[in-house]
Amino acid sequence: MKNRAFDKAVEDVSEVFMFDHWMRFYFIFEEDKKLVVRVPKEVASQIEKEFPTLHGLVELTNNEEIDQQKSTQNVCSFIGARFDGTKYSDKIIPKVFDSKEFKIETYLFNLWIKGHESHLESEVMTFAEWKELYAQWKNMDEVKHYISRLSNAGSGAVIQPPTCTTVQ
């Protein structure tokens, strides 16, 4: 039997990682040989309206120097403060990070980014647009079949990614 709280926690945690990636994709700038997050005020306002929970991550990182380690720390502390022991039992979030479901979701998202990078770079898209495009891609028959094979695969299985070339 599926655990609804666990499934929702996987979805929430995945969304934070996706949002962080989106933010870094469009709003990192090099200044004095350092990478700095610069989310424009109008974009931050839009995020606050559409994704009020995620707006806290903008506040945490905006106008700050960033690197991979700091980004990871920010995301993990954000997730810990917002979900671990507050929205979810303190036992759920650690299980999410170790779960096959979360690993598949982050893998799929990164696969989608790689496959659509040139399209995503063509214009600055909103996070809502990214989520919609990603959901459409995941809903394609070939991708659904791939997700099913990943979900049912044993440890160490080699499964070729979908070869769909449709830009979503």
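The values are calculated or read from the model by the stated rules, or taken from the named source; none is laboratory data. Please read all numbers here as calculations on a predicted model, not as lab measurements. Note: ideal-geometry Cβ built from the backbone for every residue, glycine included; neighbour counts use all protein chains shown. In case anyone asks, the SASA skips ligands and DNA or RNA and just uses the protein heavy atoms, side chains included. Shrake-Rupley method; radii C 1.70, N 1.55, O 1.52, S 1.80 Å.
Can you send over the carbon and sulfur percentage of the accessible area for the chain, probe radius 1.4 Å, protein chains only? Kindly include the intermediate steps, with their values, before the conclusion.
Numbers: 5100 of 10120 Å².
Answer for the chain: carbon and sulfur cover 50 percent of the accessible area.
With a 1.4 Å probe and all protein chains in place, put 117, 48 in order of accessible area, largest first.
Values: 117 75, 48 100 Å².
Of 117, 48, the descending order of accessible area is 48, 117.
According to a simple spin-label model (label point 7 Å from Cα along Cα-to-Cβ), what is the distance in nm between residue 132 and residue 95?
3.5
How do 133, 60, 120 stack up against each other in accessible area, from largest to smallest, with a 1.4 angstrom probe?
Details: 133 30, 60 80, 120 0 Å².
In descending accessible area the options line up as 60, 133, 120.
Span-like helices, the chain: DSSP H, alpha-carbon axial extent 30 Å or more, mean Kyte-Doolittle -1.0 or greater, which ones?
Details: long enough: 4-27 (34 Å, -0.11).
Once both thresholds are applied, what remains is 4-27.
Consider the candidate values (i) 44, 20, 11; (ii) 38, 17, 11; (iii) 27, 22, 15; state which one is semi-axes √(5λ) of the Cα gyration tensor in Å computed from the structure displayed.
(iii)
Would you mind checking 34/103; 95/131; 70/114; 95/138 for any pair whose Cα atoms are more than 28 angstrom apart? Don't skip to the answer; put the middle values down first.
Working: 34/103 30 Å; 95/131 24 Å; 70/114 23 Å; 95/138 24 Å.
Too far apart for the 28 Å limit: 34/103.
Any idea of the accessible area per residue across region 75-122, 1.4 Å probe, to the nearest Å²?
On the way: 2660 Å² over 48 residues.
About 55 Å² of surface per residue is accessible.
Once every DSSP H run of n ≥ 4 in the chain is given -39500 (n - 2.57) and the sum is divided by its residues, what mean residue ellipticity at 222 nm do you get, rounded to the nearest 500 deg cm²/dmol?
On the way: 8 runs with 112 residues, N = 168.
Helices in the chain give a 222 nm mean residue ellipticity of -21500 deg cm²/dmol.
Can you tell me the length gained on complete extension of the stretch residue 69 to residue 142, counting 0.36 nm per residue apart and subtracting the Cα distance? Walk me through the numbers before you get to the answer.
Values: separation 73, 0.36 × 73 = 26.28 nm, distance 3.47 nm.
Between residue 69 and residue 142, full extension yields 22.8 nm more.
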